[in-house]
Amino acid sequence: MKPGLRWRTLGLLSTAVLLSLTVWFSTNAIAPALQAEKGFTEGNMAWLTIGVQLGFVAGTLIIATTNLADLINTRIVFAISAVLAGIANVALVVTPGGFATAMVFRVLSGVFLGGVYPPGMKIIAGWFHSNRGVAIGVMVAALTLGSGSPHLLRSVFVAEWETTLYISSALAVLAGGIVYFLVKDGPYDVPAVRFNPRYIFDIVRVRSSRLVLFGYLGHMWELYAMWAWIPTFLVAVYGSKSLVDESLNLASLMTFLVFLAGAVGCVVAGYLAERWGRCVVTSLAMAISGGTALVIGFIPLDWGWVIGIVSLIWGASVVADSAQFSTGLTELSEESYRGTALTFQTGLGFLLTTGTIRLVPALSDSAGWGAAFAFLAIGPALGIAAMLKLWALPESKAMAAGRR
C-alpha cells in the first residue's frame with residue numbers, strides 16, 4: 001500500500017459523507033419557513049425529523065439482515081444510496097403536497113441515508129488497522145459537519161429556503177460520484193463468504209459486543225434529540241437577531257458552530273482513544289455531555305453568551321464518543337461481517353432516537369427546557385455504566401491495541 005493512500009481515501013470518503021449528510025437536518029434548518037409558508041406545526045416538524053430516523057432505521061435493518069454491505073461492493077451501496085437520498089430531499093420542493101407528502105419523502109431520505117453512513121464506516125475500516133479510531137473519528141466529524149451545514153446555509157439564505165434543499169441535494173449526488181469514481185477498496189476489506197442473517201443475534205449474544213451496543217444506545221439517547229432541538233432552543237435564546245443586516249441569522253449560525261464543535265470533538269476523541277483506550281474516552285465524553293445536559297436548560301435565557309459557551313461544550317462532547325463505539329465494535333466483531341455489525345448497531349441506535357426526539361418538545365412545553373434537556377442525561381449515565389463493565393472484561397483488550 002502506497003504511503004498516504006489511506007489518508008487520501010479518508011479525505012475523499014469524509015468529504016463524501018459530509019456532502020451527503022447535508023440532507024439529514026435540511027428540514028430542521030428551514031423549519032420557520034415551512035411553518036410560515038406550508039402551515040406546518042412544531043409537532044409536524046418533530047415528525048419530519050422522526051421520519052428521517054425511522055427511514056434510516058428501516059434502511060439499516062434491511063442492510064443488516066441481508067448482509068448487503070458485506071455481500072455487495074460497499075462503495076456501490078454508498079454511491080447509489082447518496083444519489084437517491086439527494087433525489088428524495090429535493091422532491092420536497094418540486095413535488096406538490098402537504099405534510100403527508102413531506103413525511104413520505106423524509107422517510108425515503110432516511111432509508112437511503114442508511115446506505116451511506118454505516119457502509120462508509122465499513123469502507124474506512126477496510127483501510128485502517130492501526131489508528132482506526134482516529135479515521136472513523138474523522139468520518140464522524142464529517143457526518144457532524146454535514147448534519148449541521150444546512151443551518152449555515154439557512155443563516156445565509158434566510159428568505160430563500162428552497163435554496164437550502166437544492167444545494168443539499170446537489171451535494172449528496174456529488175458525494176455518490178466521489179465514492180463511486182474516486183474511492184477504492186482497502187487492503188483490510190474482507191467480504192462475507194456467505195449470506196448469514198443470524199449474525200446480528202451473535203452481536204447481542206456475545207457480552208463484549210453487547211456492552212458496546214448498550215454504551216452506544218446510551219450515547220444515542222442523547223445525541224439526536226440534542227441535535228434536533230438545540231436549534232429551537234437557540235432561537236428562544238437569540239430570537240431573530242442577525243449579525244450582518246438580515247443575511248446572517250445568529251441562532252442558525254450558533255447552531256452550526258455547535259455542530260462544528262462536535263466535529264472537532266470527534267477528531268480529538270479519536271486521537272485520545274488510541275492512547276487512553278475507548279472505554280475511558282467514551283465514558284469521559286458522556287460524563288461531560290450528560291453533565292452539560294443537566295444544566296444548560298436552567299440557565300436564564302437572557303444569559304446569551306453563557307448559553308453560547310455551554311452549547312459549544314455540549315456540541316463538542318455529545319458526539320465525540322460516537323466513532324469510538326463504532327470502532328470498538330469493528331474490533332470485537334467478526335471481520336467478514338463488519339458491515340452487518342455496524343449497520344445493526346447504528347439501526348438500533350437511531351430507532352431509540354425517535355422516542356427522545358418526540359419527548360423533548362413535550363417535556364419542554366410542560367416543564368421547560370431545563371427538564372427537557374436534563375431528561376437526556378439518563379442515556380449517558382447508563383452508557384458510562386456499560387463501558388466501565390466492558391473495561392473490566394479481558395475481551396476489551398482487543399480494542400485500541402490493548403488500551404481498552
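The values are calculated or read from the model by the stated rules, or taken from the named source; none is laboratory data. Not measured: the values here are computed from a predicted model. All Cβ positions, even for glycine, are placed from backbone atoms using ideal geometry, and neighbour counts span all protein chains on display. Each accessible area value is taken on the protein alone, full model and side chains, heavy atoms only, with ligands, DNA and RNA left out. Shrake-Rupley method; radii C 1.70, N 1.55, O 1.52, S 1.80 Å.
Residue by residue through the range 294-316, note down the ones that are in a loop (DSSP other than H, G, I, E, B) and in contact (Cβ under 8 Å) with a residue 24 or more places away in the chain.
If the condition is that a residue be in a loop (DSSP other than H, G, I, E, B) and in contact (Cβ under 8 Å) with a residue 24 or more places away in the chain, then G297, F298, L301 are the ones that fit.
From the list Y271, Y238, pick out the single residue that is surrounded by fewer than 22 Cβ atoms within 10 Å (Cβ to Cβ), over 25 Å from G137 (Cβ atoms) and touching a residue at least 12 places away in the same chain (Cβ under 8 Å).
One residue alone meets the criteria, Y238.
Return a yes/no flag: does the range 118-138 have any residue that is at pLDDT below 85, open to solvent by 10 Å² or more (accessible area, probe 1.4 Å) and part of a helix (DSSP H, G or I).
Scanning the range 118-138 turns up no residue that is at pLDDT below 85, open to solvent by 10 Å² or more (accessible area, probe 1.4 Å) and part of a helix (DSSP H, G or I).
Starting from residues that are modelled with pLDDT under 95, among the small types (G, A, S) and open to solvent by 40 Å² or more (accessible area, probe 1.4 Å), keep the ones in the range 374-404 and report whichever is nearest to E334 (Cα to Cα).
The residue in question is A398.
Are there any pairs with C-beta distances below 7 angstrom linking a residue in the range 379-404 that is over 10 Å from L211 (Cα atoms) to a residue that is of a type in the set (D, E) and open to solvent by less than 10 Å² (accessible area, probe 1.4 Å), with the two at least 6 apart or on different chains, and if so which?
Pairs found: G379/E222; P380/E222.
Which of the residues that make up the range 174-189 are β-branched (V, I, T) and in a helix (DSSP H, G or I)?
Listed by number, the residues that qualify are I178, V179.
Can you pull out the helices (runs of 4 or more DSSP H) entirely within the range 30-107 that have at least 2 residues that are under 19 Å from the mean Cα position of the chain (by Cα)? Full working, then the answer.
Working: elements: 31-38, 42-66, 68-71, 74-94.
It comes to 42-66, 74-94.
Has the range 34-49 got any residue that is open to solvent by 40 Å² or more (accessible area, probe 1.4 Å) and farther than 30 Å from L253 by Cβ?
Among the residues of the range 34-49, not one is open to solvent by 40 Å² or more (accessible area, probe 1.4 Å) and farther than 30 Å from L253 by Cβ, which makes the answer no.
If you go through the range 238-288 one residue at a time, how many are part of a loop (DSSP other than H, G, I, E, B) and of a type outside the set (G, A, S)?
Counting residues in the range 238-288 that are part of a loop (DSSP other than H, G, I, E, B) and of a type outside the set (G, A, S) gives 6.
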